[in-house]
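Notes follow once the structure below has been shown.
The values are calculated or read from the model by the stated rules, or taken from the named source; none is laboratory data. Quick caveat, the model's predicted, so the values are computed rather than measured. Cβ placement follows ideal geometry from the backbone for every residue including glycine, while neighbour counts extend to all protein chains displayed.
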Amino acid sequence: MRFEHFAINVPDVRAASLWYVDHLDMRIVRSLEEPPYTKFLADETGRVIVELYSNTSVSAPDYATIPPLNFHIAFVADDARATQVRLEGAGASPVSEDTLGDGTVLVMMRDPWGVPIQFCQRTKPF
């Protein structure tokens, strides 16, 4: 068995998907232009897929109230601190920054819709 995608119901999928494309180097690989406006976003490898959609038959979670340690989307960053500064300028908000004993830097933020996103600058990549 292999992983296909992770799905998130967001209040404004069209704006959120464009933000992820513009600021997180993701690309839309499949798109539905009528409700729920589903967008499948791939990372630069094309291996990891996140599905964003706006399904109004249920309420989108209030992501801003969900602790990032319960759920977050993590990205590899060459320079996690520089990524934080760049994304703050694009509407993301900082949550925390941790440096592990091996020098790994983990920066937790929230995208403009409150979804927790993490930037991992690991000394030993996976």
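For region 105-126, how many residues meet the condition of being in a strand (DSSP E or B) and farther than 25 Å from P11 by Cα?
First pass over region 105-126, keeping only residues in a strand (DSSP E or B): 105-110, 116-121.
Pick out the ones that are also farther than 25 Å from P11 by Cα and you get 105-106, 120-121.
Number satisfying all stated conditions: 4.
Can D102 be described as part of a loop (DSSP other than H, G, I, E, B), over 16 Å from A7 (Cβ atoms) and touching a Ser or Thr at 6+ places or on another chain (Cβ under 7 Å)?
Values: part of a loop (DSSP other than H, G, I, E, B): yes; over 16 Å from A7 (Cβ atoms): yes; touching a Ser or Thr at 6+ places or on another chain (Cβ under 7 Å): yes.
So D102 passes the test.
Could you tell me whether I73 is assigned by TED's automatic domain parsing to the domain that holds M109, surrounded by 15 or more Cβ atoms within 10 Å (Cβ to Cβ) and touching a residue at least 60 places away in the same chain (Cβ under 8 Å)?
Working: assigned by TED's automatic domain parsing to the domain that holds M109: yes; surrounded by 15 or more Cβ atoms within 10 Å (Cβ to Cβ): yes; touching a residue at least 60 places away in the same chain (Cβ under 8 Å): yes.
Against the criterion (assigned by TED's automatic domain parsing to the domain that holds M109, surrounded by 15 or more Cβ atoms within 10 Å (Cβ to Cβ) and touching a residue at least 60 places away in the same chain (Cβ under 8 Å)), I73 qualifies.
Report, by residue number, each residue of region 59-90 that is in a helix (DSSP H, G or I) and touching a helix residue (DSSP H, G or I) at 6+ places or on another chain (Cβ under 7 Å). Even if it seems obvious, please write down each step before you answer.
Initially, region 59-90 is screened for residues in a helix (DSSP H, G or I), giving 63-65, 80-88.
Within region 59-90, just L87 meets the criteria.
Please enumerate the residues belonging to region 16-51 that are part of a helix (DSSP H, G or I) and either on the phi > 0 side of the Ramachandran plot or in contact (Cβ under 8 Å) with a residue 24 or more places away in the chain (or both).
Start the filter on region 16-51 by keeping residues that are part of a helix (DSSP H, G or I), which leaves 16-24.
Those that are part of a helix (DSSP H, G or I) and either on the phi > 0 side of the Ramachandran plot or in contact (Cβ under 8 Å) with a residue 24 or more places away in the chain (or both): A16, S17, W19, Y20, D22, H23, L24.
Table: residues versus (1) modelled with pLDDT under 95; (2) surrounded by fewer than 17 Cβ atoms within 10 Å (Cβ to Cβ); (3) more than 17 Å from W19 (Cβ to Cβ); (4) not assigned by TED's automatic domain parsing to the domain that holds A15.
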| position | (1), (2), (3), (4) |
| --- | --- |
| N55 | no, yes, yes, no |
| D79 | no, yes, yes, yes |
| T83 | no, no, no, yes |
| L87 | no, no, no, yes |
| S93 | no, yes, no, yes |
| E97 | no, yes, yes, yes |
| L106 | no, no, yes, yes |
| P125 | yes, yes, yes, yes |
